[in-house]
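Each remark here refers to the structure printed beneath this line.
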Amino acid sequence: MPNDELTLGLGEPGRGRPDAPGTPATSQRRHRGFVVRTDGAARGNPGPASLGGVLVALERPDARDPRAVPDASVSEYLGVQTNNVAEYTGVVRALELARELGARRVELLLDSRLIVEQLQGRWRVKDAKLRPLWAAALRLLQELPGGWSAAHVPRAQNALADALANEAIDRVQAGGPASIVRRSG
């Protein structure tokens, strides 16, 4: 990890059932995982809100480089929401995309200390609007047979996810689609 990332601990490995040994799915996806960076944006709080998320395959040598070209991404407009709802929704959408792509492990690198601390169980989730999103994120993380980690990174290391979030608001205001999901390969 780069020196300026603050690792705040490892999440518990998921309790999901492993694939049956010897099946083609097991051979193809045994070690598949992603570095996941997400961000939320709200212009006003609450205000027009969106999310951005990037996924980079863990196998890549540049997986932890904040400038790495994503293997998959999501950019989605959420309507009027708070910034924290947008941030959490970004984590949930990115984890859903990682699951869809066969992830067995994820390493979250987030600029939201609130989310990192709450996912790690060190801070309580006091806001009722965030509880269902927090629960959804934890459920998705606990389903990962290879486990997960979450680390807080400086905002500058989250520029790609931030750009995707802001792009979603601009795109919708210009009459474009509310959501764009990109998957490579």
Under the Karplus relation with 6.51, -1.76 and 1.60 and θ = phi - 60°, whole-Hz ³J(HN,Hα) for region 159-173, x at Gly and Pro, equal 4, 5, 5, 4, 4, 5, 5, 5, 4, 5, 5, 4, 4, 5, 5
Residues whose built amide H sits under 5 Å from the amide H of Gly147, excluding neighbours closer than 5 in sequence, are Gly14
Note, region 100-108: 3J(HN,Hα) by Karplus (6.51, -1.76, 1.60, θ = phi - 60°), whole Hz, Gly/Pro = x, goes 4, 8, x, 4, 10, 8, 9, 10, 7
Phi-derived 3J(HN,Hα) across region 52-67 with the Karplus relation (6.51, -1.76, 1.60, θ = phi - 60°), rounded Hz, x for Gly and Pro, is x, x, 10, 10, 10, 4, 4, 5, 6, x, 9, 3, 9, 6, x, 9
Per DSSP, the loop-located trypsin sites (Lys or Arg not before Pro) within region 83-140 having at most 11 other beta carbons within 10 Å are Arg122, Arg124, Lys126
Within region 57-185, the percent of DSSP beta bridges that are antiparallel, given to the nearest 5, stands at 50
Among chymotrypsin sites (Phe, Trp or Tyr not before Pro) in region 71-164, those in a DSSP loop whose Cβ has at most 14 other Cβ atoms within 10 Å are Trp123
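Bear in mind that the values in this text are calculations on the coordinates, not laboratory data. Not measured: the values here are computed from a predicted model. Reconstructed Cβ throughout: ideal geometry from the backbone, glycine too, with neighbour counts over all protein chains shown.
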